[in-house]
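Okay, so here's the structure we're looking at.
Read the figures in this text as sums done on the coordinates, not as results from a lab. Owing to the predicted nature of the structure, the values given are computational and were not obtained by experimental measurement. Counting neighbours? That spans all protein chains shown, and the Cβs are built from the backbone with ideal geometry, glycine included.
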Amino acid sequence: MTRVAAWCASICLAASVAAAPSGGELRFCLYSEPKTFHPLLVADASSEAVRYLTAGVLIRVNRLTQELEPELAESWQVLAGGKAISFKLRRGVAFSDGTPFTAEDVAYTMRTLFDPGVVSPTADPFRASGSTVKIDIPSADRVIVTFATALSGVERLFDQVGILSSRSPKKEMAVLGPFLVAEYKPGSEVHLQRNPYYWKRDAHGRRLPYLDSLRLSIQQNRELEAIRFLRGELDLMTSVSPETFDQLKKKAPTAVRDLGPSLEPEMLWFNQAPGAPIPEFRKAWFRSKEFRRALSAAINREDLCRLAYRGHASPAAGPVSPANRFWFNASLRPHRYDTQEALDRLNRAGFRLQNGVLRDAQGNAVEFSLITNAGNQPRERIAQLIEQDLKAIGIRLNVVRLDYSAIMERLNRSLQYEACLLGLTNVDLDPNGQMNVWLSSAASHQWNPDQSSPGTPWEAEIDRLMRAQNSAASPGQRKVYFDRVQEIVWDQAPFLYLVNKNALVAISSAVANSRPAVLRPQAFWNIDTLALAPETARSTP
Amino acid sequence: MTAVRWAAGAVLALIVLAAVWPAAITGVPYDRQFRDYPNAPMSRQFPLGTDELGRDRLSRLLYGARVSLLAAPAAALLSSILAALAGGLAGYAGGWYDCLAGGAIDLMLSLPWLFLLIIVRALLPLNVPALLSLLLTFGLIGLLGWPSAARVVRAACRSLRDSDPVLLAAACGIPEARILWKHVLPNVQPILAAKFWISIPVYILAEANLGLLGLGVADPLPSLGNLLRQLESSLNPDPGAWAPLVLIVVVVGCLQIVRPAEAVVR
């Protein structure tokens, strides 16, 4: 039955592609200045978008099915449990300047990636396997990459590795992706043109991409972006806010699409770091599991979804959202909203509600501050809703909005905060991408970072399970380990997971073949097959 | 014209009364969330509708007006007094006073206040009571707002110092303090008055902007500034969301009408 459905879908897709016209210019926005066009130095969202549109990779994660698909590698084989990976390369492929693509380019890219002088953020996930890499080229179309130690799910990491040319005089500006950077006007726009040497063809043998060019306006103000979209000046919007989504829905109901839960949960945590400059009695509250679970039970997650996200969110149970189909632990349910349960847990932990004020065993009134970043309206609304929810159990919450850099300074350096409300951006579906959060020795183990040894037995257990899943051979066994990690996190609540916000996009009706996905880059992940209707196809100026 | 001034005065009096005693108009607390009625339209229950968290816009407007219409004029008064002192001293006394005050003005105008305010926020504890946060915010605004006006006052005092009436008064042996009080101050008063009135709406908005640095009036306590922020994030805001803007326009307009004619700079 599934095969028949897939066959029908592919027939429909082929028909729509056949009907899709070639040419035209697609326009959408980047929300900040791209910091680099070097595919291995990407560290910001705008550069990542440009890399996705221009760089060729060996293996691509299909954003819709979340499965791996061959790109510049026709096939691959993971060897020695993830210690090595062998690629069979596609023949007859050329960079955007006509330079042929060879195995030497893959070797050059991997050497550059691991070059300590380059400091590539893309290399960080690979470094879990050591800081060295060995490249073998047994034949013209075969490359074997060997790491110092085994790395589970290593093949997925190649989705982020844009292949560089070892011989092109244009260096990193010679690309293997569907588009190439034609012009960059700082502060204004990035203009991408069709790569005439792009290797992919559609079912009818036509060379992709269909579009002639992309014009990416650098536009920080999302309201202006929405106005421009409504005027027809833009064709796509990704990561649309709930307010804008509802406004657009009124004016262009067919353009907006709610894709369901994204990979970006909103969460709250308490500062449990022993060295944090906050009173000891507050640290004792934050270290109490009963206190954390009580506060989780006191938060009405349904209201957060309904009021802060206008219904475009769902209550979160853990670190992995249902959007991550394989790694999501479906047995976990969000902590139930129950103020009586919250008070019972607090009583068990020695807290007492007196005249509407919750006090600990020493008589200290329970009051603490919650920092969150200013300017994120859904998050600010979440903070206000939580403030009222906690007021109902006698807790006074002082919400402090700070600029993002000030928050990062407090989280990563001074540790001068009590509780924090932020979102997590999961760019990697694999749990190895979260190693930097779950290992107790990690810097991003936010509630108590950089521990020399695990501070609690359950953190030690998480450390053990994360390492075990990293070295397990089969995906099934890895899932068993990571499911257990999610269960411990659910039970101990070092992070109070609040909501999984939905992925919201807007796509003009002029855009053909659009199949938006929750994974970034959402609306334009299939950029090489997107097309514009004839009446709206704009010629390149 | 008198009738218009009386009408403007009456409107102002009503607004001030409502802001000082909001409980007389609405019994709804400004922070109460009617979660079943988010973004409700105007109705008898909610005359200005509700915001996205179901909070009564009228109640928040009245309490916000109390905060902003008391604190912003106080900050404007503080900066006007500082401008009068620094600018007056520099312009009238001259010499090294002028050098010192001129240097202070130039320094204040050239400092990167954004970064300094971020440092101020970093030095403050996170658990600051709402009233203290309010006083700090408007106090900072008042302390930082004087230099541009001080420059104008300084120039005015310098020309007054050499004017015939002041020279004649000095020649007659009138004490310096009396000359300042009777001859100089009345002549710079229109400048200071203009500075004062212009500063009020500017400071209301400045408070909202400081909110982005964690320094503004902390939610859930409303201010006209943070209520205005609702307008900047919506393509098509509810009619009730415009009320803070209308109130500021009405208040500033009425203030312009009722203030004494001689205070107008010509």
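Here are a few things to note about the model shown:
- Tail fraction, Cα-Cα pairs, chain A, threshold 45 Å, whole percent: 19
- Each principal axis of the Cα atoms in chain B has its own extent, and those three values, largest first, are 75, 51, 31 angstrom.
- Only Lys, Arg (+1) and Asp, Glu (-1) charged, at Cβ; the protein assembly as shown dipole about Cα centre in debye: 520
- Listed residues A:139, A:162, A:119: farthest to the positive end of the dipole of segment A:77-189 (Cβ charges): A:139
- What the phi angles of segment B:19-25 give under the Karplus curve with 6.51, -1.76 and 1.60, with θ = phi - 60°, is a coupling list of 6, 6, 10, x, 4, 5, 9 Hz, glycine and proline written as x.
- Axis angle, to the nearest 10 degrees, between helix B:57-88 and the longest C-alpha principal axis of chain B: 10 degrees.
- Summed side-chain charge close to residue A:193 - residues other than residue A:193 whose Cβ falls under 9 Å, Lys, Arg +1, Asp, Glu -1: -1
- Taking B:246, B:188, B:16 as the candidate residues, the one with maximal mean-square fluctuation in a Gaussian network model of chain B, Cα springs under 10 Å, is B:246.
- Inter-chain Cβ neighbour count for A:396-409, averaged per residue, equals 4 (cutoff 10 Å, partner chain atoms only).
- Put simply, the Cα atoms of segment B:3-66 extend 45, 19, 16 Å along their principal axes, the longest span coming first.
- Loop-located trypsin sites (Lys or Arg not before Pro) in segment B:47-86, at most 16 other Cβ atoms within 10 Å (DSSP): none
- Take each residue of peptide B:30-42, count the partner chain Cβ atoms within 10 Å of its Cβ, and average: the result is 2.
- Ranking of A:498, B:12 by neighbouring Cβ atoms within 10 Å, starting from the fewest: B:12, A:498.
- Candidates A:195, A:426, A:523 compared by Cα position along the dipole of the protein assembly as shown: farthest toward the positive end lies A:523, with charges placed on Cβ.
- Leading residue at positive end of dipole, the protein assembly as shown (Cβ point charges), from B:181, A:45, B:48: B:48
- In a reduced charge model with +1 at each Lys and Arg Cβ and -1 at each Asp and Glu Cβ, segment A:239-330 shows a dipole moment near 60 debye about its Cα centre.
- Using the rule -39500 (n - 2.57) for each DSSP H run of four or more residues, divided by the residues of chain A, the 222 nm mean residue ellipticity is -8500 deg cm²/dmol.
- The 3J(HN,Hα) values that the Karplus relation (6.51, -1.76, 1.60; θ = phi - 60°) gives for segment A:350-360 are, in residue order, x, 8, 9, 8, 10, 6, x, 10, 7, 10, 7 Hz. Gly and Pro appear as x.
- Taking a straight Cα-Cα cut-off under 20 Å and skipping sequence neighbours fewer than 8 places away in the same chain, no lysines fall within cross-link reach of residue A:251.
- Counting other Cβ atoms within 10 Å as a rough exposure proxy, the listed residues A:48, A:280, A:341, A:418 run A:280, A:341, A:48, A:418 from fewest neighbours to most.
- Per-residue ellipticity at 222 nm from helix content only, as computed over chain B with -39500 (n - 2.57) for each DSSP H run of at least four residues, stands at -21000 deg cm²/dmol.
- Of all lysines in the structure, the ones whose alpha carbon falls short of 24 Å from that of residue A:289, not counting any fewer than 8 places away in one chain, are A:391.
- Of interest is the spacing of the C-alpha centroids, which for segment B:34-59 and segment A:196-214 amounts to 53 Å.
- A:250, B:182 arranged by Cβ crowding within 10 Å, fewest neighbours leading: A:250, B:182
- Whole-angstrom gap from segment A:360-380 to segment A:86-151, using each part's C-alpha centre: 47
- Mean projection area, nm², convex hull over Cα of segment A:287-362: 6.6
- Long-range tail of P(r) for segment A:162-209 (Cα pairs > 14 Å, %): 60
- Taken residue by residue and averaged, Cβ atoms of other chains lying within 10 Å of the Cβ of B:52-58 number 3.
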